[in-house]
Amino acid sequence: MAYTAPRGTVDILPDKSSQWMRLEQLIRTICANYNVKEMRTPIFEHTELFNRAVGDTTDVVTKEMYTFNDKKGRSITLRPEGTAGICRAYVENKMYANAEKLTKVYYLGPMFRYERPQHGRQRQFHQFGVEMLGVESPYVDVECMLMAVTLVETLGIKDITLHINSLGDDESRDAYRKALQDHFRPFLGELCHDCQERFDKNPLRILDCKVDAKHEAMKSAPRTIDYLSENAKAHFDKVCELLDVLGVDYVIDTNLVRGLDYYSHTVFEVISDDPKLGAGATVGGGGRYNGLVEELGGPSTPGIGFAFGMERLLIALEDQATSDDEGIDAYIMPLGDQARDMALQLATVLRANGFTIDMDYVGRGLKGQFKSADRFKAALNIIIGDEEVEGGYVQVRNKKTREQAKVNVDEIVDYMIKYFEG
Ligand code: HAM
């Protein structure tokens, strides 16, 4: 039987991993600039956490979760997103008691959603996410959005627009919920079975129904920003004002409601029109979730965050594919069994001194070994034959100048240090 990776999963092969590492490095640098620390939570959690946090009328919870019973019959789910786990850990580890009121964390890692795989959509995918907990200020909303925008700008991804909207506070959402029910009531019989259920439980979810997306009632549905309470409106106005002051381009997208239930106030998405992704693809999104920590048993704590799909960022970056994949410092080329023993010792010493080294293990002739050295973009070739073993020295060949030097084995580390310093 031929084994294949499960549908919707992808192997990241060595020729792609340098792009991933470059992206991860850039993310870590931006997070350090914003003084955001990494946090790692489990890849699986109790199913109840996601039902509660993400919401049991969302597509993610009802259709897309990888849920199974463990050997003791407990229901476990592979995380479909990162915010729920971070908030669970925030409460469990009493991080709200930190001396610093604003807790800023980021995470990178695999997430799992049972969706129809397509370009930029997988069943195991990776997210980079940021969560900022403890402070409700619009300044924090803006800091969060700035981080998201900085990331795509630094990566050089083009045709990007920041879409923002506000879902308001509890008072606004109660008013909006009622307006939505009044609006959809006359069309109820024409909507899909799921939407009929959503109508009572959570009418907001009707707006991101994939089945009824083209129904005329969708286009004329009421807008959240027309139902904002005074407080919610003031918060949103301040967010917009700060973005204006900073010169950050955005559009107010009154259709933006996001697909997860925990949001309140500001929501946003970074949308790309890069044809490689397909027009209007969401590369990242997030928003405020002021009720979530309390919902999970913690003290009332405001929060805001976002997450990017890392595969989508990398697709957008494909043009800039890294040919800057760095080469190794030296490739050691032994000719004969004795030379191979010496090569292995030399490789060990050089690696211990911080050099990137590889060598031939298969006893090929010089031609084959030079080919490997070229593939690894070795700056130096270190050649060892019987004569060299006898004499306790090696031949070091400089790839660029093609010069060759005889170097004593005892002096090779110093030689390499001098060469790379120069
Ligand atoms: P989300 O919008 O569900 O939000 O996902 C964020 C991003 O993850 C999406 O914009 C997309 O780029 C990527 N993504 C989602 N599903 C897939 C998939 N099947 N394949 C590839 N990429 C995918 C959240 O997950 C929230 N936790 C974001 C957040 C953090 N809100 C507040 N804090």
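The values are calculated or read from the model by the stated rules, or taken from the named source; none is laboratory data. Please read all numbers here as calculations on a predicted model, not as lab measurements. So basically every Cβ, Gly included, is an ideal-geometry build from the backbone, and we count neighbours across all protein chains shown. Note: accessible area is taken over every heavy atom of the protein model, side chains too, but ligands, DNA and RNA are not part of it. Shrake-Rupley method; radii C 1.70, N 1.55, O 1.52, S 1.80 Å.
Taken about its Cα centre, the stretch 150-228 carries a charge dipole of about 160 debye when Lys and Arg each add +1 at the Cβ and Asp and Glu each add -1 at the Cβ. Counting only alpha carbon atoms, the long axis of helix 337-352 and the longest principal axis of the chain meet at about 50°. 3J(HN,Hα) along the stretch 401-406, derived from phi through the Karplus expression 6.51 cos²θ - 1.76 cosθ + 1.60 where θ = phi - 60°, amounts to 8, 6, 6, 10, 10, 8 Hz, with x in place of Gly and Pro. In a simple Cβ point-charge model (Lys, Arg +1; Asp, Glu -1; nothing else charged), the chain has a dipole of about 840 debye relative to its Cα centre. Distance between the modelled labels on Tyr415 and Glu115, one decimal in nanometres: 5.5 nm (7 Å Cα→Cβ projection).
3J(HN,Hα) couplings calculated from phi for the stretch 217-223 with the Karplus curve 6.51 cos²θ - 1.76 cosθ + 1.60 (θ = phi - 60°) are, in sequence order, 5, 5, 5, 9, 4, x, 9 Hz; Gly and Pro show x. Translational diffusion of the stretch 120-170 was estimated from the Stokes-Einstein equation, with Rh taken as the Kirkwood radius over Cα pairs; at 10 °C and 1.306 mPa s the coefficient is 117 µm²/s. Rounded to the nearest 10 square angstrom, Glu294 shows an accessible area of 100 square angstrom against a 1.4 Å probe. When Asp374, Asp329 are compared by accessible surface with a 1.4 Å probe, the order from highest to lowest is Asp374, Asp329.
Residue-wise HN-Hα couplings along the stretch 82-90, as the Karplus relation 6.51 cos²θ - 1.76 cosθ + 1.60 with θ = phi - 60° gives them from phi, are x, 5, 4, x, 4, 5, 4, 5, 4 Hz; Gly and Pro carry x.
Relative to the dominant Cα principal axis of the chain, helix 138-155 is inclined by about 40°.
Return the tail of the calculated pair distribution for the chain, meaning the percent of Cα-Cα pairs more than 29 Å apart. Looking at the chain, the distances longer than 29 Å represent 57 percent of pairs. Neighbours of Cys192 by Cβ distance under 10 Å: Lys/Arg scored +1, Asp/Glu scored -1, total -2.
Of the DSSP beta bridges with both residues in the chain, give the percent that are antiparallel, rounding to the nearest 5. In the chain, DSSP labels about 80 percent of beta bridges as antiparallel. Sorted largest first by accessible area at a 1.4 angstrom probe radius, with every protein chain in place, the residues Arg340, Arg52, Arg123, Arg223 fall in the order Arg52, Arg223, Arg340, Arg123. Reducing the stretch 37-83 and the stretch 154-190 to their Cα centroids gives an inter-centroid distance of 25 Å. Counting only protein heavy atoms and using a 1.4 Å probe, the accessible area of Tyr106 comes to about 10 Å². Need one word for the stretch 328-421: rounded, prolate or oblate. Basis is the Cα gyration tensor (sqrt eigenvalues a ≥ b ≥ c); a/c below 1.5 gives rounded, then a/b vs b/c decides. Since a/c stays below 1.5, the shape of the stretch 328-421 is classed as rounded.
With the alpha-carbon atoms of the stretch 116-203 aligned to their principal axes, the span from lowest to highest coordinate is 48, 38, 25 Å, starting with the largest. With helices as the sole contributors, the chain gives -11500 deg cm²/dmol at 222 nm; each DSSP H run of n ≥ 4 counts as -39500 (n - 2.57), and the sum is divided by every residue.
Taking packing as the residue-averaged number of other Cβ atoms within 10 angstrom, the listed peptides 170-179, 347-356, 9-18 run from highest to lowest as 170-179, 347-356, 9-18. Taking other residues whose beta carbon is less than 15 angstrom from the beta carbon of Gln122, and scoring Lys, Arg as +1 and Asp, Glu as -1, yields +3. Relative to the longest principal axis of the Cα atoms of the chain, helix 14-33 runs at roughly 60 degrees. Under 5 Å between amide hydrogens, built in the peptide plane, is the criterion, and for Thr356 it picks out Asp329, Ala330 among residues at least 5 positions away or on other chains.
Accessible surface of Leu346, taken over heavy atoms with a 1.4 Å probe and every protein chain present, rounds to 10 Å². Only Lys, Arg, Asp and Glu carry charge here, each on its Cβ (+1 for the first two, -1 for the last two); on that basis the stretch 155-313 has a dipole of about 260 debye about its Cα centre. Ellipsoid fit via the Cα gyration tensor, the stretch 41-125: semi-axes of 25, 17, 11 Å, each the root of five times an eigenvalue, largest first.
Name the residue farthest towards the positive end of the dipole of the chain from the options Ile417, Ile160, Leu296, assuming +1 on Cβ of Lys and Arg, -1 on Cβ of Asp and Glu, about the Cα centre. My answer, from the dipole projection, is Leu296.
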